[in-house]
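The values are calculated or read from the model by the stated rules, or taken from the named source; none is laboratory data. Here the structure is a predicted model, which is why all the values come from computation and not from measurement. Here the Cβ positions follow ideal geometry from the backbone for every residue, glycine too, while neighbour counts run over all protein chains shown. Each accessible area value is taken on the protein alone, full model and side chains, heavy atoms only, with ligands, DNA and RNA left out. Shrake-Rupley method; radii C 1.70, N 1.55, O 1.52, S 1.80 Å.
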Amino acid sequence: MTNQLDTKSQAWSALFSEPMSELVKRYTASVFFDKRLWQADIKGSLAHAEMLAAQGIIGAADHADIQRGMAQITAEIESGAFEWKLDLEDVHLNIEARLTQLVGDAGKRLHTGRSRNDQVATDVRLWLRGEMDLIIALLADLQKSLVDVAEQNVEVIMPGFTHLQVAQPVSFAHHLLAYVEMFARDAERLHDVRRRTNRLPLGAAALAGTTYPLDRERVARTLGMVDAQGQPQVCQNSLDAVSDRDFAIEFTAAASLCMVHISRLSEELILWMSQNFGFVRIADRFTTGSSIMPQKKNPDVPELARGKTGRVVGHLMGLITLMKGQPLAYNKDNQEDKEPLFDTVDTLKDTLRIFSEMVGGRLNPATGQKEGGITVNAVAMEAAVKKGYATATDLADYLVKKGLPFRDAHEVVAHAVKTAQAQGVDLSELPLATLQKFDSRIAQDVFGPLSLQGSLNARNTLGGTAPAQVRLQIARHRGRLG
Ligand code: ARG
């Protein structure tokens, strides 16, 4: 006879006539991955115990014992001395068993009015809330890196593309700020998911609520599960509370979209770094050589990030399919929510960290400056714009302003581009006399709009690429990001 839990069969005892096989134990256990929830598990247990004591459901001495035991368990886990047992299935039973070993009956009283079903749902929400806060901060870092590089490149002109064909000149800063918009939306989405994650399942017990006079709102307040006005946020239906994993799916969807944005940036970096473009370089520490071709520098980091996007989107498919057709309330299927969620968090955090540094560089403590971010080749960018006749629309707009209908202007310019192509020069390099053969309205003042700077400056609408607009956007982002 033993008064402590050494194996989980002792958690549900007498009813079972044979032990689990080793294979089934391994198949059903989650401790080797869900132990990562230990801090949230202890935090949730302490909040529950505090409330049980305040409500007179357990005595003050039991509460003190539970606090003491949990402090020791925390120290053991932090030092690596804690022995995680597969036999005890999961993080919850492992910690509870150790608590009972340390403090006796008080440990056995902790689970009053609680089930692992509401416990695990609470743990995952608490843990994910903390991770989302970290990810939101990392997204801010990445946006700042992009804004830093943008600020130095407002006047650098690159080809803007549609269909990957040179379309119109844009400021390189403007191009980078498009990504800042994407990552700002990602942060906004995470803030929104955080609101729905930060609600308390505890008190739902196994599925139906409990016969003890629990104060769920007190526990919510203790755990910081409150809204912007400080009102406690508690899941309002016990069946939903234990079975809902929407927050995990929403988070993974937001993470997938963020990775999709990263993959777009990756793809552009890969193109821009190729010999055909030569627009940018990234620091050597983000590239690798080839084992056979000595001249190669491969953009491994952006390529891997592009690849890892598939992995995160896969986790979204996994989680959403996990929930499909599940009857109420808790089902063991839900144990499968953890690994995809954990891997999504790990992948996203690493990717954001590495991209912040790859784009913006890292701080040199000696100089207080960031170094080793992307290097921009403005000459190559400008040459590429000229090769692509990116100011053709500007010539058409010029003719429209002189009274020609746009469709006719479009046709006139097509002829001009054909001639320039045949001579291997840019439109701005054609002599005035040649240009006037296409339309007599063309005069000396055409060369302003035909220049790259003229073309850029002219796109001075809100959100346009004119340097004046780009500077306004940089100031807005700086104000927002702090
Ligand atoms: N390890 C379980 C999970 O992750 C904890 C909840 C177990 N509940 C149960 N009724 N077996 O979902």
- Taking the Cα centre of each part, how many Å lie between the stretch 205-260 and the stretch 39-87? 21
- Message: If each residue of separation counts as 0.36 nm, what is the full-extension length gain between Ala61 and Met317 once their alpha-carbon separation is subtracted?
- Response: 87.4 nm
- Message: Starting from 0.36 nm per residue, how many nanometres of slack lie between Phe16 and Glu382 once their C-alpha separation is accounted for?
- Response: 124.1 nm
- Normalised Cα Rg of the chain, dividing by 2.2 N^0.38 Å with N its residue count, works out at 1.33
- Would you mind working out the accessible area per residue for the stretch 365-482, using a 1.4 Å probe, and quoting it in Å²? 54
- Counting only protein heavy atoms with a 1.4 Å probe and every protein chain in place, the carbon and sulfur fraction of the accessible surface of the stretch 107-186 in whole percent equals 49
- Quick note, the stretch 1-133: a/c under 1.5 would make it rounded; otherwise a/b > b/c is prolate and the rest oblate (a ≥ b ≥ c, C-alpha gyration tensor); here it is oblate
- Task: Report, in deg cm²/dmol and to the nearest 500, the calculated mean residue ellipticity at 222 nm for the chain, where each DSSP H run with n ≥ 4 adds -39500 (n - 2.57) and the sum is divided by the residue count.
- Result: -19500 deg cm²/dmol
- Considering only the other residues whose Cβ falls under 10 Å of the Cβ of Arg362, what net charge follows from Lys and Arg at +1 and Asp and Glu at -1? 0
- Note on the structure: When every protein chain stays in place and a 1.4 Å probe is rolled, Asp300, Asp246 sorted by accessible area with the largest first are Asp246, Asp300
- Query: Within the stretch 324-350, whose backbone N sits under 17 Å from a point 7 Å along Cα→Cβ of Leu304?
  - Reply: 343-350
- Keeping all protein chains in place, calculate the accessible area per residue for the stretch 149-286 (probe 1.4 angstrom), answer in Å². 44
- Can you pull the one-decimal nm distance between simple spin-label points at Ile136 and Asp246, each 7 Å off the Cα toward Cβ? 1.9
- Any idea which of Thr287, Cys258, Leu328 is furthest toward the positive side of the dipole for the stretch 227-369, if Lys and Arg beta-carbons carry +1 and Asp and Glu beta-carbons -1? Thr287
- Where labels lie 7 Å past Cα in the beta-carbon direction, separation of Gln231 and Arg26 in nm: 5.1
- What nm value, rounded to one decimal, do you get for the distance between Ser290 and Ser440 when each label is placed 7 Å out toward the C-beta? 5.9
- Which listed residue (Gly310, Gln231, His410) has the Cα farthest towards the positive end of the charge dipole for the chain, taking +1 on Lys and Arg C-beta and -1 on Asp and Glu C-beta about the Cα centre? His410
- Note on the structure: At R0 = 51 Å the Cβ-Cβ FRET efficiency linking Asp408 and Leu271, nearest 0.05, sits at 0.90
